[in-house]
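The values are calculated or read from the model by the stated rules, or taken from the named source; none is laboratory data. From a predicted model like this one, the values you see are computed outputs, not experimental measurements. Counting neighbours? That spans all protein chains shown, and the Cβs are built from the backbone with ideal geometry, glycine included. Surface areas here come from the heavy atoms of the whole protein model, side chains and all, with no ligands, DNA or RNA. Shrake-Rupley method; radii C 1.70, N 1.55, O 1.52, S 1.80 Å.
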Amino acid sequence: MLGLTTLAVAILVAGLGSGLYMAWNIGANDLANSMGPAVGSGAISHKQAVVIASLLTVTGAILAGEHVTSTVQVGIFDTEAVLESEGANILSLGALSAITAAGLWITVATWKSLPISTSHSIVGGMLGYGLLIGGMGIISWSTLGRIVVSWVTSPIFGAITAFIVFKLIVKLIFNSEEPFKTAKRSVPIILGITIFVISLSLLYNTALSERLFGEKLDLLGAMFYSIFPAVILGYLGKYPMMKGVEKENGFEDVEHVFKRLQLLTACYIAFSFGANNVGNAVGPIVLIIQNTFGNSGLPFFLRNEILLLVGGGGLALGISTWGYKVIKTIGFKLTSLTNTRGFSVSFGGATTMLVASMVGMPISTSHTVVGAVLGVGFARGVEALDLSVIKRIVISWLITVPIAATTSVVLYTVMTQFV
Amino acid sequence: MTGKFRRSSIENAVIDSPFEGLNKHSKLIKKAIRELKKGVYHYSEGEFEEAQECFNKVSKIEHKADKIKIQIRENLPKFIFMPITRDDFLTLLKEADSILDYAEDVSVLLPMREEEIPEKVKGDFKDFSEKVFESVEQFEEMMNIFSKLLKSSFGKKPKERARELQKELSEREHEADKIEKKISKAMFNYEKEPLTAVHLLKVVDRMDSIADHAENVGDMIDSILESK
């Protein structure tokens, strides 16, 4: 095979397998978490959730997954330095250790009943290997620092966004003279904002914008071009979205409008999920592939776009083979979140994830959603939250990186005994 | 995925709303008070058998509501995040439950002495009962408004209605108090039938407590709104 050594091929095959396993794991556990609010408040059935999640996750992965992929691939430690000093196989073996460690840790954590973040796991895995092979000096502390800061800020950002969205719903809709009419009037605005953020993620500094405009657009350029689809689709989209929504009574009719809007946020969150999480599975694989083939002779089926597609497919496979059960459980559990609350949580969570994806930060989906639920809680929108569960989630946050890092080191050390 | 894992995830942080339990509890209060009202009416008309049937139902409903109250308390996690504080919630539940406790007291106490209401206070007793039951009806509306307050995250309109209701509740309780004093005065001077006097004094005292606690619920919700 293109004159590759048996070892390189073995690492490549194992890496592809591990990457797919990781993607499946992420899809099965994390994605279900983000679809929970929409199913719980009865906006979509669990079958619809699986279909939406599968399709939109793949779309998000292909169209907006490149930044996170690049961060996980080369952002955590100086891969060039390792390549020069240790050679391609050692670097590939490291990436393989990292992704296998992350995948194993997710499985063990699942088995041992710990809620963990897949993003934290892969960053931990890459960090562990980097420290072992090159010591402190090789780690890209500034990028790592930014990642860690994003882990702290993403739940806060999710909370703030969800808080503001829910407060706006209360102030502008619930407190208006005719809540139902106001809710219906707000549909094109909400639709427009959502499309604006999605479009921004598609155009800001992406390969897609390069293909469309001949250059990677900066933030202002991306914002400018995003206004058009936001206005047009926001206006036109209100007709199919609100078809058949009738006035009921009291605040229930407002909930009915938001039930439809939750269909939108379900798509939004699945798209954002794909964009933010595919890199956790694909990043290390891209690194292995580049080490294996260099800059030339890369087979068509191993190109980045294809890997993102397969990675996204892995996420979709995860949710449709295992995640649907999780969605069913979560949907049942979250029934106390009404549509306006569920909408605010999903909107806050999805916006946070997508903004993080735009700047290449691999953040934790579940922590962001927890933040968003708390945000709605602070706005007095959630009737009851058990804080001890939140505490357990935060603890799991702290232990993931050291464990994934150590596992990655152990795996690498074991594997080098055989090569 | 094991059950334990699910218990640690976000969907388990959002737990069944204790307010649903509170709603169920309030509905039982409504049911019990309807029966008590019928019972008091039959009693006043001298239809003691029919009255007893209604009073028996009150006891059964009170027992059922007690179970719900215990269930709510047991299922309320120590570290819970709600739109109102845990203490406020428990006080609200306690005050609402007291309405039922006193309703049961009346339903037990009244048939202990099967005697016609003395003529000199018959009219006042009827007015007094009406005021007490009206205050419970307002309590019921207050609980409905409270549920709307939660749905709208303390929206303007239900807030305004809750404020009005609190004033009405206070007014009703005050009126009941006034008539209670009148009846009490008459009974303390009812030398003809001292036992009947003692019996009725105790009954009106318990009935007045029903209105007191209905008013307390109104005050409680008003003070919650003050802090929002």
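Return yes or no: is B:L76 assigned to a helix (DSSP H, G or I), buried (at least 18 other Cβ atoms within 10 Å of the Cβ) and at negative phi?
So B:L76 fails the test.
Take the residues of region A:2-28 that are open to solvent by 10 Å² or more (accessible area, probe 1.4 Å) and touching a Pro at 6+ places or on another chain (Cβ under 9 Å): which is nearest to A:N276 (Cα to Cα)?
Ranking the qualifying residues of region A:2-28, first place goes to A:S18.
Return yes or no: is B:E47 over 30 Å from A:V382 (Cα atoms) and either within 14 Å of chain A (Cβ to nearest Cβ) or free of Cβ contacts under 8 Å to residues at least 12 places away in the same chain (or both)?
The answer is yes for B:E47.
Tell me the residue from A:G348, A:G375 that is more than 10 Å from chain B (Cβ to nearest Cβ), over 26 Å from A:G279 (Cα atoms) and within 21 Å of the chain's Cα centre (by Cα), please.
Exactly one of A:G348, A:G375 is more than 10 Å from chain B (Cβ to nearest Cβ), over 26 Å from A:G279 (Cα atoms) and within 21 Å of the chain's Cα centre (by Cα), namely A:G375.
Listed residues A:G42, A:G36, A:G15; which is small (G, A, S), more than 14 Å from chain B (Cβ to nearest Cβ), in contact (Cβ under 8 Å) with a residue 12 or more places away in the chain and in a helix (DSSP H, G or I)?
Selected residue: A:G15, the only one of A:G42, A:G36, A:G15 that is small (G, A, S), more than 14 Å from chain B (Cβ to nearest Cβ), in contact (Cβ under 8 Å) with a residue 12 or more places away in the chain and in a helix (DSSP H, G or I).
Return only the number of the condition from (1) in contact with a Pro (Cβ under 9 Å, 6 or more places away or on another chain); (2) crowded, with 24+ Cβ neighbours inside 10 Å that A:L31 does not satisfy.
Among (1) in contact with a Pro (Cβ under 9 Å, 6 or more places away or on another chain); (2) crowded, with 24+ Cβ neighbours inside 10 Å, the lone unmet condition for A:L31 is (1).
Would you pick out the residues in region A:167-195 that are under 23 Å from A:L233 (Cα atoms) and of a type outside the set (A, V, I, L, M)?
Those that are under 23 Å from A:L233 (Cα atoms) and of a type outside the set (A, V, I, L, M): A:F180, A:K181, A:T182, A:K184, A:R185, A:S186, A:P188, A:G192, A:T194.
Looking at A:T107 and the list (1) within 14 Å of another protein chain (Cβ to nearest Cβ); (2) buried (at least 19 other Cβ atoms within 10 Å of the Cβ); (3) within 16 Å of A:V401 (Cα to Cα), which single condition is not satisfied?
(2)
Got a number for residues in region B:16-70 being at positive phi and surrounded by 15 or more Cβ atoms within 10 Å (Cβ to Cβ)?
So the count comes out to 0.
Residues that are of a type outside the set (S, T, Y), buried (at least 18 other Cβ atoms within 10 Å of the Cβ) and touching a strand residue (DSSP E or B) at 6+ places or on another chain (Cβ under 8 Å): does region B:84-98 have at least one?
No: region B:84-98 contains no residue that is of a type outside the set (S, T, Y), buried (at least 18 other Cβ atoms within 10 Å of the Cβ) and touching a strand residue (DSSP E or B) at 6+ places or on another chain (Cβ under 8 Å).
For a quick check of your reading of the model, give me the residue pairs whose first member lies in region A:397-419 and is at pLDDT below 90, whose second is polar (S, T, N, Q) and assigned to a loop (DSSP other than H, G, I, E, B), with beta-carbon atoms closer than 9 Å and at least 6 apart or on different chains.
That search, which allows pairs on different chains as well, returns A:W397/A:S117; A:W397/A:S364; A:T400/A:S117; A:T400/A:S364.
Hey, could you check region B:115-156 for residues that are within 14 Å of chain A (Cβ to nearest Cβ) and not in a helix (DSSP H, G or I) and say which is nearest to B:A214 (Cα to Cα)?
Residue satisfying both the conditions and the ranking: B:F154.
Pick out the one residue from A:G318, A:G348, A:G375 that is open to solvent by less than 10 Å² (accessible area, probe 1.4 Å), small (G, A, S) and modelled with pLDDT under 90.
A:G318
Taking the conditions exactly as written (modelled with pLDDT of 90 or more and either more than 18 Å from the chain's Cα centre (by Cα) or of a type outside the set (A, V, I, L, M) (or both)), does A:P299 satisfy them or not?
Judged against the criteria, A:P299 is not a match.
Yes/no per residue for (1) away from chain A (no Cβ under 14 Å); (2) in contact with a His (Cβ under 8 Å, 6 or more places away or on another chain); (3) modelled with pLDDT of 95 or more; (4) not in a loop (DSSP other than H, G, I, E, B):
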| residue | (1), (2), (3), (4) |
| --- | --- |
| B:E11 | no, no, no, yes |
| B:G21 | no, no, no, yes |
| B:L28 | yes, no, yes, yes |
| B:K38 | yes, no, yes, yes |
| B:A51 | yes, yes, yes, yes |
| B:K57 | yes, no, yes, yes |
| B:K60 | yes, no, yes, yes |
